[in-house]
Amino acid sequence: MLTRRALLGGISLALAGPAVARAQDSEPIARRVACLDLLLTETLLTLGVTPAAVGNIPLYDRLVAEPALPDGVPDLGPLQEPNLELLQQLRPDLILAPSWAEVGQADLERIAPVAWLPTFSTRKPALDHARDLLLRAAALTGRDAEAKAWSDRADAALAEARRVIEPWTERPVYVVRFNEDGRHAAIFGGSGMIGDVLSRLGLRNAWTGRTNVWGTVSIGIEQLAGNAEAQLIHFNRGAETERAMRQLAASPLWAALPAVRQGRVIEMPVVYPNGGVASATRFAQQLARVLPAHGSENG
Amino acid sequence: MADVALSRPAMAGRPALLAALLIAAALALFLHHLRTLLPTAEWQQALTAPDPADMRQMLAQYSLLPRLAVGLLGGAALGLAGVLFQQALRNPLAEAGTLGVFAGARLALIAASLSAPALLDAGQEAVALLGSAAAIALILLLSWRQKLAPIAVILAGLVVTFYLDAGSKMLVLFNHQALTDLFVSQGGSLNQNSWDVALALVPRLALAALAGALMLRPLTLLDLDEDGARGLGLSPAAARLAAIAVAVLLSASVAALIGPIGFIGLAGPAIARLAGARRFRDRLVWGPAVSAGLLALTDQLVQFVDASGAVPTGAVTALLGAPLLLWLLRRLRPAAGEARPDRPAMSADHRRRHPWPWVVGALLLLGLVVWAALALGRTPEGWRWSLGGELDLLLPWRAPRVAAALGAGFMLATAGVVLQRLTGNAMASPELLGVSSGAALALILAAVVLPGLDRLALTGVAGLGALAALLAVLSLGRRSAFSSEHMLLAGTALTTVAGAFMIALLFSGDPRTALLLGWLSGSTYGVSARDAAITCGLALAAALILPLAGRWLTILPLGAATGRALGVSLSRSRVALLLLTAALTAGATLTVGPLSFVGLMAPHMVRMLGIRRPTPQILAAGLLGAGLMVLADWLGRVVAFPWQVPAGLVATFVGGTYFIWLMQRRRPA
């Protein structure tokens, strides 16, 4: 073990610098944490832990974005095939990985202890699950106080959002992200984080159809006609969404949707739909901002 | 002339009846959908002047009806393109899917959506056309020297398709999430929310049909032999190129507007022909009509089964189309001139008398490659040749991959040699005959139905799949006296089924999909020391057993009579060799995925070196294949560090390039 460190130290010291220095003062708590999942990375950053290495940084920046990943964190490559040689050189003392990948990536255990954490639950509401995840990650990294603070902050934000939204809860909501082809959309159902936050805020999800384990499914735009009363909330992902809206503008069916005809289409900044406590909090706060501005008050 | 005769006499009016039946069935289902949406009393209003405030009427007018129209028009367009391709290339197997047109469109669209999404804004069709045109140009260029002979064209189409799809897969692998939108819109789902797509298809289809009608005479004359056509004062080349251009334009439009929907363009004309539309002018009318019925009916059935609209129709047509194609293949028999397989394995142009030094040379070369693959790697600081203790730390990561690549390459190459000798077909290989795809298909099913099987059990499953595919392809081959065309087409059909399953999985949102996608691209990433040991053990066993079959392999290609005269039991030796090939392919597919070209490339290179005797040929090809695969794995590890390109994809690129170069040099047949 000693020779391993001595030998690889030379290669990795330049990269690892300050984090290595920190690793010496408290042994049982993991300081150099490598992370191989978007939700787990979000969770670490929520706790104020800068990961020692992360898989697929461009993907995190694109899909999750907040909390922002600091510059200089090494990228391990694809999430399903992180570069093991590089990871070994970076000498993490803990690896966080999604439990569904355990079968294929069991070799990670040879580099450092691995916490195989479930990134979705089929039984628990998504936000409860995300909170459990936050607490477990906190226990592993010695950030219990931060986790408690964030958990409280999320509760407060949800309670506040629920209070603000209360007069606007009569209409059910569709939450979608439009595909740039203007023919399809990703819709977020009851079992995922988006659906869970909606129900906690006292909003009814207008989409009751089938979804995958993350509470998402791809639908054709015509499916949005299912609920005539619904408000339509959609995520703005910049240029893609602009393209989608231009395509939709040419569709008579889109124009005829009750939500469109009656001005109940509401846009908001994109939130990572499989996200954790931070994403859920942000989604709730955004709802509290946009619904009173656009929504129709209970009759 | 590669025209294909029919095993059944033609009957007048049958294609029309068939097309009418298919379209009527689609219409009946459409009316059923309409009735579930809307009471019959409101139909007239909904279909003529819907009330904008009545969502059901709007859905009937702008979703159900245009969807039916897109199914019919898109199907007709695909069928028309298929008929034109088939006539221009005088090749019953040509369609946008087999000619690389869709693969080109797909790659161009993926690349555009990643690098210049603004291009897709107005120019989705132009982007698709650019990719399609480039692909078909490459294919025609490759088969030009062989005067666009059907086999050469289809083979070039297959190789270019695999090649371009390897590029697409690589982009998908690196940008999986970023491309989900494109998967959805390019998955071939026909749902509509306006008349835009249908109205865009009408003029395109009409112009193409007009062009087809104008070219009716010159294209019909292509059924004569070329000199005859020229004697009638017509440039066959011009007519053929014009027809191909029209078909490519039409296919690219369909790819951009609906998505690449495979097999419809092949199945429609083939069914029409089988039903009796033998003259070109008949096929020009009834091929598209049957295709229209097929696509519309499939799409209406999809709506019937999956009300939420999540299943793309394109995935279903591929699933339905491939078995249909295999069935059709059984009914088609090649014309007399086509039955004789090419047997370059037996040609005596260049034969080395002392092959063994070359085998030893291949072994030494393999040793060097293995050493470099183990020791040379990249770190964030740059290249590094690791030695001693440092290498010891890296070996647990590198050694299993190198060993697995080595074993897989060896097995693929030897399987290639056996298949080429068994069928007397120089283009036979586990990849091109679909044997690898059979193994892959069995593995995909196992991953979904029986998760958690261990390596040995998976090898068994893959072996069964490979054996089934091999038997299917060979039984087809036997009917057509091992005509390359039939066997290769059967192979492609299987590869397409595997692809269709993969698409279906991609849409299911199953988290295992990413792992499976990585594996299907031929990644050695997840290989454990034990897996590697099993792979190498299988390869070693093959190296020991195959020389024992040397006599069979010498005699079998000479034909049944010679074999019997020399006292070889044909059936028993053939069964033994088939089992062996299936096992070899299964072991390799499990490690490097279904596509790699190593099973084609290594035997070919060895034959070009003049090593023709079975035992040295097998060993030299095996060693060369092993070296190629190890090299591919190493390249994949270092070329995009810290990202990794699967060995199978790299091998497809390297092998595809080699193959294209090879086709370029080949003399006209």
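Provide a single number: the residues in region B:363-414 that are surrounded by 17 or more Cβ atoms within 10 Å (Cβ to Cβ), farther than 26 Å from B:ALA543 by Cα and in contact with a strand residue (DSSP E or B) (Cβ under 8 Å, 6 or more places away or on another chain).
4
Among residues belonging to region B:24-64 that are surrounded by fewer than 17 Cβ atoms within 10 Å (Cβ to Cβ) and small (Gly, Ala, Ser), point out the one that is nearest to the other protein chains (Cβ to nearest Cβ).
In this case the residue turns out to be B:ALA53.
Just need a number here: residues in region A:181-190 that are in a strand (DSSP E or B) and surrounded by fewer than 22 Cβ atoms within 10 Å (Cβ to Cβ).
1
I need the helices (runs of 4 or more DSSP H) fully contained in region A:191-299, keeping only those with at least 2 residues that are in contact with a Pro (Cβ under 6 Å, 6 or more places away or on another chain) and more than 14 Å from chain B (Cβ to nearest Cβ).
A:193-200
Tell me yes or no: at least one residue of region A:20-31 is among the acidic types (Asp, Glu) and modelled with pLDDT of 85 or more.
no
Would you mind stating whether B:VAL402 is under 28 Å from B:ARG551 (Cβ atoms) and not small (Gly, Ala, Ser)?
Judged against the criteria, B:VAL402 is not a match.
Do we have any residue at all in region B:40-62 that's under 35 Å from the mean Cα position of the chain (by Cα) and within 25 Å of B:PRO288 (Cα to Cα)?
Our first condition is that a residue be under 35 Å from the mean Cα position of the chain (by Cα); within region B:40-62, this holds for none.
Checking region B:40-62: not a single residue is under 35 Å from the mean Cα position of the chain (by Cα) and within 25 Å of B:PRO288 (Cα to Cα).
Listed residues B:VAL448, B:VAL527; which is in a helix (DSSP H, G or I) and either buried (at least 21 other Cβ atoms within 10 Å of the Cβ) or modelled with pLDDT under 75 (or both)?
That would be B:VAL448, the only listed residue that is in a helix (DSSP H, G or I) and either buried (at least 21 other Cβ atoms within 10 Å of the Cβ) or modelled with pLDDT under 75 (or both).
Go through region B:260-297 and count every residue that is surrounded by fewer than 24 Cβ atoms within 10 Å (Cβ to Cβ) and among the β-branched types (Val, Ile, Thr).
2
Residues to consider are B:GLY167, B:GLY187, B:GLY157; find the one that is within 14 Å of chain A (Cβ to nearest Cβ) and under 17 Å from the mean Cα position of the chain (by Cα). Lay out the reasoning, then the answer.
Values: B:GLY167 fails: within 14 Å of chain A (Cβ to nearest Cβ); B:GLY157 fails: within 14 Å of chain A (Cβ to nearest Cβ).
It is B:GLY187.
Listed here are the residues, each with its yes/no results for (1) buried (at least 24 other Cβ atoms within 10 Å of the Cβ); (2) more than 14 Å from chain A (Cβ to nearest Cβ); (3) polar (S, T, N, Q); (4) touching a strand residue (DSSP E or B) at 6+ places or on another chain (Cβ under 6 Å).
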{"position": "B:VAL101", "(1), (2), (3), (4)": "yes, yes, no, no"}
{"position": "B:PRO117", "(1), (2), (3), (4)": "no, no, no, no"}
{"position": "B:LEU130", "(1), (2), (3), (4)": "no, yes, no, no"}
{"position": "B:LEU138", "(1), (2), (3), (4)": "no, yes, no, no"}
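Among B:GLN192, B:GLN146, which is of a type outside the set (A, V, I, L, M), within 13 Å of chain A (Cβ to nearest Cβ), in contact (Cβ under 8 Å) with a residue 40 or more places away in the chain and not in a helix (DSSP H, G or I)?
From the options B:GLN192, B:GLN146, the qualifying one is B:GLN192.
Could you count how many residues in region A:49-64 are more than 11 Å from chain B (Cβ to nearest Cβ) and in contact with a Pro (Cβ under 9 Å, 6 or more places away or on another chain)?
4
Select from region B:299-320 the residues that are crowded, with 24+ Cβ neighbours inside 10 Å, assigned to a helix (DSSP H, G or I) and of a type outside the set (A, V, I, L, M) and list them in ascending order.
Selection gives B:ASP299, B:GLN300, B:THR313, B:GLY314, B:THR317.
Inspect all residues belonging to region B:635-658 and state whether any of them is touching a Pro at 6+ places or on another chain (Cβ under 6 Å) and either away from chain A (no Cβ under 14 Å) or at pLDDT below 85 (or both).
No: region B:635-658 contains no residue that is touching a Pro at 6+ places or on another chain (Cβ under 6 Å) and either away from chain A (no Cβ under 14 Å) or at pLDDT below 85 (or both).
Select, from B:LEU406, B:LEU419, B:LEU441, B:LEU412, the only residue that is aliphatic (A, V, I, L, M), within 21 Å of B:ILE154 (Cβ to Cβ) and more than 14 Å from every other protein chain (Cβ to nearest Cβ).
B:LEU419
Which condition from (1) farther than 30 Å from A:LEU40 by Cα; (2) charged (D, E, K, R); (3) out of contact with any helix residue (DSSP H, G or I) (no Cβ under 6 Å at 6 or more places or on another chain) is the one that A:GLU222 breaks?
(3)
Hey, any hits in region A:271-292 for a residue that's over 23 Å from the mean Cα position of the chain (by Cα) and either not assigned by TED's automatic domain parsing to the domain that holds A:THR41 or not aliphatic (A, V, I, L, M) (or both)?
Yes, some residue in region A:271-292 is over 23 Å from the mean Cα position of the chain (by Cα) and either not assigned by TED's automatic domain parsing to the domain that holds A:THR41 or not aliphatic (A, V, I, L, M) (or both).
Looking at the structure I just gave you, is B:LEU609 outside the structural domain of B:ALA156 (by TED's automatic domain parsing), surrounded by fewer than 24 Cβ atoms within 10 Å (Cβ to Cβ) and farther than 16 Å from B:ALA408 by Cα?
yes
For region A:131-178, which positions are buried (at least 18 other Cβ atoms within 10 Å of the Cβ), part of a helix (DSSP H, G or I) and touching an Asp or Glu at 6+ places or on another chain (Cβ under 7 Å)?
Within region A:131-178, A:ALA138, A:TRP168 meet the criteria.
Which members of region A:66-76 meet the condition of being of a type outside the set (Val, Ile, Thr) and modelled with pLDDT of 90 or more? First the steps, then the outcome.
Taking region A:66-76 as the starting set, the residues that turn out to be of a type outside the set (Val, Ile, Thr) are A:66-72, A:74-76.
Matches in region A:66-76: A:PRO67, A:ALA68, A:LEU69, A:PRO70, A:ASP71, A:GLY72, A:PRO74, A:ASP75, A:LEU76.
Of (1) out of contact with any Asp or Glu (no Cβ under 7 Å at 6 or more places or on another chain); (2) at pLDDT below 80, B:THR161 satisfies all except one. Which?
(2)
If we scan region B:38-59, do we find a residue that is touching a residue at least 40 places away in the same chain (Cβ under 8 Å) and touching an Asp or Glu at 6+ places or on another chain (Cβ under 6 Å)?
no
If the requirement is being assigned by TED's automatic domain parsing to the domain that holds B:ALA533, at pLDDT below 85, part of a helix (DSSP H, G or I) and not aliphatic (A, V, I, L, M), which of these qualifies: B:THR414, B:THR459?
Exactly one residue qualifies, and that residue is B:THR459.
If I ask for residues that are of a type outside the set (Gly, Ala, Ser), surrounded by 24 or more Cβ atoms within 10 Å (Cβ to Cβ) and modelled with pLDDT under 90, which ones from region B:241-259 would you list?
Matches in region B:241-259: B:ILE258 only.
Of A:ALA34, A:ALA16, which residue is at pLDDT 90 or above, within 14 Å of chain B (Cβ to nearest Cβ) and either buried (at least 20 other Cβ atoms within 10 Å of the Cβ) or within 29 Å of B:PRO396 (Cα to Cα) (or both)?
Only one candidate qualifies: A:ALA34.
Any chance you could count how many residues in region A:72-130 are more than 21 Å from A:THR141 (Cβ to Cβ), assigned to a loop (DSSP other than H, G, I, E, B) and more than 14 Å from chain B (Cβ to nearest Cβ)?
The number of residues fulfilling the criteria is 3.
The values are calculated or read from the model by the stated rules, or taken from the named source; none is laboratory data. Given the structure is predicted, the values throughout are model-derived calculations rather than measurements. Cβ atoms come from the backbone with ideal geometry, glycine included; neighbour counts cover every protein chain shown.
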